[in-house]
Amino acid sequence: MGELAAFIILAIVTLLPAVVVVTSRNLVRAAMSLIPSFLGVTGLFVLLQAEFVAGIQILIYAGAIAVLILFVIMLTQGGTGTALRQVNEQQLVGGLVAGALTIALLGLLLRTPWPLVAGTLPRSNVAAVGGAFLTNFILAFEISSLVLLVSLVGALVIARREQ
Amino acid sequence: MQVGLNHYLAVSALLFGLGLYGILTRRNAVAILMGIELMLNAANINLVAFNRYVAPGALAGHVFALIIITLAACEAAVGLALVLAVYRNLETIHVDEINVMKW
């Protein structure tokens with residue numbers, strides 16, 4: 001019972017701010033609404049016993065990405081005024097497409113008989129995640145570190161002012 | 001009533017649909033990036049939920065979710081740098097006005 005109540009609250013905390021993110025005319029408000037949405041997803045991760053993923057989600061999404069987006073909104077003032085039209089003329093078509101895809105996804109995901117396995121994760125899986133990264137997933141780990149380096153250098157080169 | 005896999009899948013599908021709506025209807029490039037972040041979050045919920053309910057012994061879902069979070073950070077950094085460069089050159093970040101390559 002308690003788990004269900006927590007899940008419903010977290011789902012509302014995730015989805016309501018997401019509606020504000022995609023519909024608000026004020027971009028700063030939209031960016032600030034990203035933070036409760038990310039925190040709701042973090043709560044869902046905790047409910048799913050993924051504590052390490054939840055911590056990283058707070059650090060990177062709620063911390064870094066939200067702040068980065070806010071900074072860019074402040075730096076590009078000419079495009080973010082509330083007087084400007086923030087939606088294009090495809091609102092109806094976009095809503096229909098997104099709604100249709102959501103209904104299709106819901107039907108597909110909820111009707112499929114998933115091979116559920118009863119079992120619990122280890123009590124603390126941080127060490128297990130670290131071990132998995134350095135054994136079975138070492139190639140993905142190394143490649144993602146390389147991608148991180150390349151994107152860091154690329155972002156610096158792109159955003160740098162030409163002399 | 002227990003919370004099951006289907007509950008998480010429903011939340012993630014709704015979040016994905018909201019992100020897609022944002023991407024399709026927003027003019028501002030930063031707002032489009034926000035929609036992409038919502039969709040990546042939906043994918044992460046799915047991965048972690050499947051890890052919990054379908055393969056509780058393995059940790060592949062957690063590892064995938066962490067790699068997706070890393071790549072989302074990369075994508076946000078490069079995407080926002082591109083937005084800044086476009087704004088400096090064209091004085092606009094509305095994607096329907098950026099058409100200098102359209103003949």
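Residue-by-condition table, conditions (1) under 23 Å from residue A:6 (Cβ atoms); (2) modelled with pLDDT of 90 or more:
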{"position": "B:15", "(1), (2)": "yes, yes"}
{"position": "B:38", "(1), (2)": "yes, yes"}
{"position": "B:64", "(1), (2)": "no, yes"}
{"position": "B:89", "(1), (2)": "no, no"}
{"position": "B:92", "(1), (2)": "no, no"}
{"position": "B:99", "(1), (2)": "no, no"}
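A count restricted to segment B:11-43 and to residues that are within 7 Å of another protein chain (Cβ to nearest Cβ), more than 30 Å from residue B:91 (Cβ to Cβ) and of a type outside the set (A, V, I, L, M, F, W, C) stands at 2. Of everything listed in (1) buried (at least 17 other Cβ atoms within 10 Å of the Cβ); (2) not in a helix (DSSP H, G or I); (3) not aromatic (Phe, Trp, Tyr), the single unmet condition for residue B:79 is (2).
Among (1) at the interface with chain A (Cβ under 7 Å from one of its Cβ atoms); (2) within 28 Å of residue A:153 (Cβ to Cβ); (3) more than 21 Å from the chain's Cα centre (by Cα); (4) of a type outside the set (Ser, Thr, Tyr), there is one condition residue B:88 misses while meeting the rest; what is its number? The one condition residue B:88 does not meet is (1). Only residues that are β-branched (Val, Ile, Thr) and assigned to a helix (DSSP H, G or I) were counted in segment A:99-128, giving 3. Taking residue A:102 as the residue in question, decide whether it is surrounded by 15 or more Cβ atoms within 10 Å (Cβ to Cβ), under 20 Å from residue B:69 (Cα atoms) and touching a Gly at 6+ places or on another chain (Cβ under 6 Å). Taking the combined requirement at face value, the residue does not satisfy it.
Here's the yes/no breakdown for (1) part of a helix (DSSP H, G or I); (2) surrounded by fewer than 23 Cβ atoms within 10 Å (Cβ to Cβ); (3) touching a residue at least 12 places away in the same chain (Cβ under 8 Å); (4) not charged (D, E, K, R):
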residue: B:31; (1), (2), (3), (4): yes, no, no, yes
residue: B:36; (1), (2), (3), (4): yes, yes, yes, yes
residue: B:39; (1), (2), (3), (4): yes, yes, yes, yes
residue: B:43; (1), (2), (3), (4): yes, yes, yes, yes
residue: B:50; (1), (2), (3), (4): yes, yes, yes, yes
residue: B:57; (1), (2), (3), (4): no, yes, no, yes
residue: B:62; (1), (2), (3), (4): yes, no, yes, yes
residue: B:70; (1), (2), (3), (4): yes, yes, no, yes
residue: B:73; (1), (2), (3), (4): yes, yes, no, yes
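Between A:67, A:87, which is surrounded by fewer than 20 Cβ atoms within 10 Å (Cβ to Cβ), in contact with a strand residue (DSSP E or B) (Cβ under 7 Å, 6 or more places away or on another chain) and farther than 24 Å from residue B:58 by Cβ? Just one listed residue meets the conditions, A:87. Restricting segment B:1-10 to residues that are outside any helix (DSSP H, G or I) and within 7 Å of chain A (Cβ to nearest Cβ) leaves a set whose member that is surrounded by the most Cβ atoms within 10 Å (Cβ to Cβ) is B:3. Residue B:101 satisfies every condition listed in (1) in contact with a helix residue (DSSP H, G or I) (Cβ under 9 Å, 6 or more places away or on another chain); (2) without any contact (Cβ under 8 Å) to a residue 40 or more places away in the chain except (1).
The values are calculated or read from the model by the stated rules, or taken from the named source; none is laboratory data. From a predicted model like this one, the values you see are computed outputs, not experimental measurements. Please note: Cβ atoms are built from the backbone with ideal geometry, for glycine as well, and neighbour counts cover all protein chains shown.
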